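All remarks here apply to the structure that follows.
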Amino acid sequence: MEEISILAADNLEEEGIEILKAAGFTVETRGKLSVEELERMIPHYDVLLVRSATKVPSSVIEKGVRLKIIGRAGVGLDTIDVVAATTRGIIVMNAPEGNTLSAAEHTFGLILSMARNIPPAWKSMQEGQWDRNRFMGTELFGKTLGVIGLGRIGRRVAGFGKAFGMEVLGYDPYVKEGDSEDLDISLVTLDGLCKEADIITLHVPLTKETEGILTEREFGLMKEGVMLVNAARGGLIERKALLENLDSGKIRAAAFDVFEKEPPEDPELLGRSNIFATPHLGASTKEAQIHVAKDICSQVTDALLRKVIRNAVNLPKMDERTVEILKGYLWLSEKIGGFVSQLVDLLPEELWIEYAGEIIDSDIAPLRAYLLKGFLERFHSQITYVNAPLMLREKKIHLRETKNPSAGEFSTAVTVGVKGETEVSVTGTLVDGKPKIRKIDGFAVEATPEGYLLVCFNDDRPGAMGYIGTLLGSLDVNIASMTLGRKVKHGPAITVLNLDAGVNETTLHEIGKFPGMRLVRLVKL
């Protein structure tokens, strides 16, 4: 195994670091790093692990010549340039589950603080006051909780709301009605949630779709005296509308654990008596930090050693079961992609893939990633499983995929074809668990997709193999195996030879001189 060097920034918990060391990796641990420091250090590392403090912009990623993985010990990825990483073929993964409970508990702590005026009541006591009437609160029982975003944290908050005897409404365009039945909550539109909820809490990532999700329009729909919580991401609420509605009393109180800029520089907001704020403490429990550190370090270990991919935001998921089912076909798909690419001179207009037989019941996304990497390696020097789909789009190659329940004489098969100046297709399958090329342009063959393969598109004429064999023998190049595919005697045929060594262009030209030899290619896999 090649030596893997990992840089762990932001004081990642030792429980996670020990997982990496036990796997045999070299790990350097550091605190928060500036962009300039990271730019100087990153060329020497294969993996970078961060929490929320260290930022990873494109300037860092460009200098990460060895980088394979960027891991975030937590959920949010706004400090990492995921697009730049994807373009460079770097896996970006997070650990979304480890801090779920801590973030949900903190959210409800903010809700209780608002409902019962706990922070200002304590502050008044510190000042020697005993003013019970001033801090009259409200019960949560029987109130309506509106949860915007029903991911892991949102669902957990919804469960807490049910435990308090609250009616819970949920809004999430990616959740179907049937999925909410297990949660015992009612799915509504965003407008419906704003109209009915007494307390609204946000649990969505910051995206183009969610930025400013609550504006003056949504505030106009809300009840008088509504309470609002944002412990997800800064930028989800339109600031001007928020301030105006806090002033008017439409919003009784608002609680924030996150801000657009951290630490915030907003005395107009933070100086209000009906604002409750904490310095991004949602995941700040010892348990959560240990959980996310262990999660991200386990994920990195699995990805590097076992090819198991979990929680990557720019690569298809491959759990242990998927790897077990697809492992032979992953390798096969990559080799078929590379095989086809070396049969054409120019990039095609279209690349088409047919998945057939038993494999169509599996997740084909990993197969696609492997196949595209194999195909594009010839045309791009920095292709990985991560950036292959992006590069295909950049090169304006149309991808067409189909699934066929029947694989003909095979239990499972993958066929790859190109359309453009040259049109050719290749079908592969597993034979006794080993990858094999079984068809080229519909001609039956059986070749092993590894090493050097001499592919001849020729007419079926006597003497062709003798001519090729004599020529290769004179160059001391041994033929390991040979297969001939033809449909009719003396008609078009395809010959594939596995060679023990490669041959040069002059030799290919000499082979092409044999009568009826239409095209000769050397494929290296």
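Details
- Mean-position separation - Cα centroids, the range 453-525 and the range 238-263, in angstrom: 74
- Computed over neighbours whose Cβ is under 11 Å from that of Lys396, the net charge equals -1, Lys and Arg +1, Asp and Glu -1.
- Using bins of 10 Å that start at zero, the share of Cα-Cα pairs per bin across the range 368-525 amounts to 9, 34, 35, 18, 3, in whole %.
- With the Kirkwood sum run over all distinct C-alpha pairs, the range 1-149 has a hydrodynamic radius of 18.5 Å.
- Selected from Phe375, Leu305, Ile325, residue furthest toward positive end of dipole (the range 241-392; charges at beta carbon): Leu305
- The range 442-525, Cα convex hull volume normalised per residue, Å³: 82
- Given a 1.4 Å probe and the protein chains as shown, Thr506 ends up with an accessible area of around 90 Å².
- Diffusion constant of the range 198-319 at 4 °C, which comes from Stokes-Einstein with the Kirkwood Cα-pair radius and 1.567 mPa s, µm²/s: 78
- Of the whole protein surface, Cys456 contributes about 0 Å² of accessible area at a 1.4 Å probe radius.
- Arg217 accessible area, assembled protein chains, probe 1.4 Å, Å²: 130
- Overall dimensions of the range 125-230, expressed as equivalent-ellipsoid semi-axes from the Cα gyration tensor (√(5λ), whole Å, largest first), are 27, 17, 13.
- Carbon plus sulfur fraction of accessible area for the chain, probe 1.4 Å, in percent: 50
- Residue order for Glu139, Glu18 - accessible surface, 1.4 angstrom probe, largest first: Glu139, Glu18
- The angle between the Cα long axis of helix 464-474 and the main principal axis of the chain comes to about 80°, on a 0 to 90 degree scale.
- In terms of distances greater than 24 angstrom between alpha carbons, the cross-link table entries Lys68/Lys436; Lys32/Lys68; Lys419/Lys487; Lys32/Lys261 yield Lys68/Lys436.
- Treating r as the C-beta distance of Arg272 and Arg518 and R0 as 56 Å, the FRET efficiency rounds to 0.10.
- Note on Lys487 and His509: the extension gain reaches 5.3 nm, defined as 0.36 nm multiplied by sequence separation minus the Cα-Cα distance.
- Of the residues Phe141, Phe219, ranked by 1.4 Å probe accessible area with the largest first, the sequence reads Phe141, Phe219.
- Per the Debye formula on identical point scatterers at the alpha carbon atoms of the chain, with no solvent, log10 I(q)/I(0) at q = 0.06, 0.08, 0.10 Å⁻¹ is -0.42, -0.67, -0.91.
- For the chain, the antiparallel share of DSSP beta bridges with both residues in that region comes to about 50%.
- Cα-centre dipole for the chain with unit charges at Cβ (Lys and Arg positive, Asp and Glu negative), debye to 20: 740
- Summarising the overall dimensions of the range 168-250 from its C-alpha atoms, the Rg and Dmax are 13.0, 40 angstrom.
- Whole-Å distance, taken between Cα centres, linking the range 1-68 and the range 71-94: 13
- Pairs of C-alpha atoms in the range 278-417 farther apart than 22 Å represent 47 percent of all such pairs.
- Annotated for the range 296-403: lysine pairs at least 8 residues apart or interchain, Cα distance under 23 Å, count 18.
- Label-point separation, Lys123 to Val35 (7 Å along Cα→Cβ), nm: 3.5
- Helix 365-376 axis versus longest C-alpha principal axis of the chain: approximately 50°, rounded to the nearest ten.
- Our estimate of slack between Glu265 and Met136, defined as 0.36 nm per intervening residue step minus the Cα-Cα distance, is 43.4 nm.
- Probe 1.4 Å, all protein chains present, accessible-area order of Met125, Met227, largest first: Met125, Met227
- Rounded tilt (10° steps) of 152-163 against the dominant C-alpha axis of the chain: 40
- Close amide H partners of Ala444, meaning residues 5 or more places away or on another chain with modelled amide H under 5 Å apart, are Arg486.
- In this structure the range 14-172 gives 46 Å² per residue of accessible area when probed at 1.4 Å with all protein chains present.
The values are calculated or read from the model by the stated rules, or taken from the named source; none is laboratory data. These numbers were taken from a predicted model, which means no experiment stands behind them. Glycine also receives a Cβ, built like all others from the backbone with ideal geometry; neighbour counts cover every protein chain displayed. Heavy atoms of the whole protein, side chains included, go into the accessibility calculation; ligands, DNA and RNA do not. Shrake-Rupley method; radii C 1.70, N 1.55, O 1.52, S 1.80 Å.
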